[in-house]
Amino acid sequence: MAEGRGSAVMATAVLLLLVMAFQCEVAQAATYVVGGRSGWTFNLTGWPRGKKFKAGDVLVFNYAKGAHNVVVVNKAGYDGCSTTPRNAKVYTSGKDQIRLVKGLNNFICSLPGHCGSGMKIQVLAS
């Protein structure tokens with residue numbers, strides 16, 4: 001009987017460790033600075049390449065306040081460099097932090113000519 005109780009205690013301990021490990025993994029969202037040291041600027045469309053993004057990760061957009069903005073758009077807005085939908089969320093702080101959602105995340109700068117000059121990124125989060 002003592003042997004059975006020992007096995008049950010061991011199984012419970014292993015289960016608790018697995019639950020704690022899973023919770024720690026979920027809580028570990030990564031933070032990415034868009035454009036690295038250059039920040040949110042022109043010719044960034046390739047910046048996400050080779051990175052593994054997950055839902056909950058945070059993108060930090062650094063830029064001179066007033067010089068740019070960050071607009072969360074749908075695919076049509078990304079493709080056409082337009083703020084589609086019209087109620088798209090616009091960030092203007094110069095130090096914007098945006099949490100990724102699962103699926104395709106699209107970001108553009110809506111100031112004239114900026115998106116067309118490559119100031120846009122698409123990020124696929126799993």
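The values are calculated or read from the model by the stated rules, or taken from the named source; none is laboratory data. Fair warning: this is a prediction, and the values are worked out from it, not measured in the lab. Cβ: placed from backbone, ideal geometry, glycine included. Neighbour counts: every protein chain shown.
Before moving on, here are some points about what is shown:
- Pairs where the first residue, in region 33-53, is touching a residue at least 12 places away in the same chain (Cβ under 8 Å) and among the polar types (S, T, N, Q) and the second is surrounded by 11 or more Cβ atoms within 10 Å (Cβ to Cβ) and not in a loop (DSSP other than H, G, I, E, B), C-beta under 9 Å, 6+ apart: THR41/HIS68; ASN43/SER117; THR45/LYS120; THR45/ILE121; THR45/GLN122
- Selection status of ALA29, modelled with pLDDT under 95 and under 12 Å from the mean Cα position of the chain (by Cα): yes
- Of all residues making up region 42-69, the number that are surrounded by 13 or more Cβ atoms within 10 Å (Cβ to Cβ) and assigned to a loop (DSSP other than H, G, I, E, B): 11
- Meets criteria (touching a Ser or Thr at 6+ places or on another chain (Cβ under 9 Å), small (Gly, Ala, Ser) and not in a strand (DSSP E or B)) for ALA29: no
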